[in-house]
Structure formats: C-alpha cells, structure tokens
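Have a look at the structure below before the remarks.
The values are calculated or read from the model by the stated rules, or taken from the named source; none is laboratory data. Treat the numbers as computed from the prediction; the structure is a model and nothing was measured. For neighbour counting, all protein chains shown are included, and Cβ atoms are generated from backbone atoms with ideal geometry for every residue, glycine included. SASA here: full protein model, heavy atoms, side chains in, ligands and nucleic acids out. Shrake-Rupley method; radii C 1.70, N 1.55, O 1.52, S 1.80 Å.
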Amino acid sequence: MGGKPNSINRNIQPNARKKILKQCRMFITCSLISALFVSLTRLQSNSLTKVVTSRALETETKNATSKKTIWPVPMEGFRNVWDPPHDTDIPVFWHIAKSGGSSFKDIFGRCHRLTMASEVGTGEGHHKDTDLGAYIIGDNPFNKFVNVDTTKIKGLERAKKMGLAKSGLADVIVTRHIFEVDSLFDKDHRGQLISVFRDPIDRAISLFSYLQYADWELTYSTKLANMTLEEFGNSSYIEDNWLLRFLSNSYDQELTEADMIVAKRLLREKFLIGLLNEREETMDRFEKFFGWKYKIDPKTQEACRENFMSSGSNTNKNSIVKPKPGSKAYEAIAARNRWDMQLYEYIESLFWDQEKLFRGVPDNFRLEGATCCSCKDPPIC
C-alpha cells in the first residue's frame, strides 16, 4: 500500500495501460490545439482590419469561458446602431472626459440649436421644478436645456420619474452613466448611444495636464502640480484601463479577455462611434445619422460649427509634448492602459466599418435643404 509511485504502473494491466496512454495522447493533442487557437485569436485581435464582421464577433462571444459574456445590464432601452432608426429615438451622448466632448456638446446646442438634457438644466433654481420644461440658461440665448441633470445618478432617477424620454423635449441627452440612463427608455422611446473616443495615451496626458491646475475637480491634488509625466504614469493618480473597466463594469476586478468581449460587443451593437482625431468626419456622421440640418440661420450656424471644430471648448491651459514610444514616460502610461490601447484599436476599426451606414448620403448633409427662419421678415423662428 505504501509502495513508490512507480509501482503503480507495474500493477496496471497492458490493455489498461494502452488505454491510459491513448487518453494522455488525446489530452496533449487537445491542449496543443487549444493553445494554438488562443494564440491565433490573440494575433487576430491585434491585427484588426477596418471591416469587422458580426460573424467574427459572434465567434468571440461563443468562445468566452469567463463568467461574463453579456453586458452588465440588459441595455434594452438602446437601439442597435445597425437597425433602422425611428423618429422617436433620442441621441445619448456619452461624454468621456478629455476626449473633445465639450466641443461636440457646444456644436449640438449652440450651433445646431438642439435642446439639451445635461448638467446645465438644473441651474438657476430649476432643480426645484416639479414639471418638465426647456429653458434658456446661461449666456447663450439660442441654447435651451431641459430642467434635469442627466450626468448624475440621482438626476437620472428624477428624469425618469418626470418622463424625460416620453416628453420629447430633449433633442440630445448627455450623460456619463450609460448603464443607468438605459432605464429612461422604453420600446416606443429608444436611446441611441453616440460618443467620441480618443487614443488612451493622448487622453491620459491631457487629463494629467488638466488636473495640474483644475483645483475645482474632486480628483485634483496639489501633488500633481509638480509631478513629471513619468511620475504621474507611475503614481496612483493615473487611471487604470478606465475605458474597458467602465464598459465591462469591472472597476475593482482583474481584467480578462471576457471583459474585452463584453466591451467590444457593446460598442459594436449599441454605439455610433466617433473619433477625436477624425472630428470633422465624426460630426458629419452624427448630422447624417440623426438628420440634423440648419433651420435657423445656416450662415451663422456654419460659422459657429467651424469655430468649435477648429478651436474647441474647454481646452487645456497647459501643453505637454507627447513622449515617444520607448521613453520611460510613454511606457509608464502605456503599462496602465494596456487593455484600453487594445480596445481603442478595435474602436478605430468600428469607426471605419460604420462608414457603410452613410453610403449614398451626401457630404455636407447639414447644408442640403437647410432653411433660414430668421431670414424672414419678420422672423418666424
């Protein structure tokens, strides 16, 4: 009973031994095939082409072995970006910090004169309102805001109780909480997610530059003011793969390939993708997708658009030169954004894949058939 391990083999009958060896060979063969498959899958993921097929995405999802292969919440309130849009759909702009979102919001509201639901709407005492309404708030007489705050969780709860989606008051909803905003919608009033994405390295540098002086932000620290970029990259102040963590709802967990699959599927099916480094094409697509044309004063509105496209909004006071790949500063930031850099490559591929959504739609769509209500005498706006 207490024999050496080798003595076990001596007691096995020849036929049984052959059976075991056969099973071992099968196991080793299967393991090698599995390892080869994983390697090929990773290679394919790192060399995405501009055309991403839904069949490839379905294969990725089926091969996931982790606990998560669907998004964290049902997301039934959002329309699939590849499905035909409906007149009652509401654009939901996911504002990602330091990705050009402020400029796009200004174009939506100030230039296209769209009624916005954002953090501005509860200003000037409108947080006390019991009924929904759209008001001019601030210094721009052309930009109206619904009296809710859709950038905060409690604000979204209030907006839901007040029936924001059904009211039809908001032309665009701005939020930072895509999973929570989903509850605003129903089968007759869907949201359509849109966003502008930025290279993770560029975004991290921009965020660092901003937080060096933005003492009004909760994440501000006096320590940042005197840090170098390399020190920031190695500190606890830099975000750790923020984009993937947000989209997969994995804030405090170790990231896995399954999280990547969740995020890719969400982006593929629910988002109209915009890129900051393709801002003109991005804005043009938003206008085409939602049928936005100038209706007030095309000449003035186009000049407004050109201004924000070229100069931007909420630009940083500090200017930091992007370090070269291989430098200590670059590699420190890249190490904390490894997953996000991979996801961003996928986002870029989706952007070019979605080009097919706009085939046959003329360039400068916003100017085609534009009208000028303020040009009438008297104006009829």
- Item | Karplus (6.51, -1.76, 1.60) ³J(HN,Hα), θ = phi - 60°, over region 205-219, in Hz, Gly and Pro reported as x | 5, 5, 5, 4, 4, 5, 6, 5, 10, 7, 6, 8, 7, 5, 8
- Task: Scan around residue 144 for amide H atoms under 5 Å from its own, H built in the peptide plane at 1.01 Å from N, and keep only partners 5 or more places away or cross-chain.
- Result: 116
- Message: Just the number please: accessible area per residue for region 83-149, 1.4 Å probe, all protein chains included, in Å².
- Response: 41
- Item | Charge dipole (region 64-179, unit charges on Cβ, about Cα centre) - positive-most of 155, 125, 84 | 155
- Taking amide H positions as placed in the peptide plane 1.01 Å from N, state which residues far from residue 81 in sequence (5 or more) or on other chains have amide H under 5 Å from it. 270, 271
- Task: Quick one: which residues, 5 or more positions from residue 197 or on another chain, have an amide H under 5 Å from its amide H? H modelled 1.01 Å from N in the peptide plane, none for Pro or chain starts.
- Result: 274, 275, 276
- Note on the structure: Applied in sequence order to region 305-320, the curve 6.51 cos²θ - 1.76 cosθ + 1.60 (Karplus, θ = phi - 60°) yields integer Hz couplings, x standing for Gly and Pro, of 4, 4, 5, 6, 5, 8, 9, x, 10, 6, 6, 5, 6, 8, 10, 10
- Counting Lys and Arg as +1 and Asp and Glu as -1, each charge on the Cβ, what is the dipole of region 265-381 about the Cα centre in debye, to the nearest 20? 400
- Task: Round to the nearest 10 and report in Å² the accessible area of residue 319, as given by a 1.4 Å probe over the protein chains' heavy atoms.
- Result: 110
- Task: With a probe of 1.4 Å, find how much accessible area region 272-381 has per residue, and write the answer as a whole number in Å².
- Result: 54
- Heavy-atom accessible surface of region 244-319: percent carbon and sulfur, 1.4 Å: 43
- Message: Give me a comma-separated list of calculated 3J(HN,Hα) values for region 274-284, in order, Karplus coefficients 6.51, -1.76, 1.60 applied at θ = phi - 60°, integers in Hz, x for any Gly or Pro.
- Response: x, 10, 5, 7, 10, 5, 5, 5, 4, 5, 4
- Task: Run through all the Cα pairs of region 234-297 and give the fraction in each 10 Å bin from 0, expressed as whole percent.
- Result: 17, 32, 28, 16, 6, 0
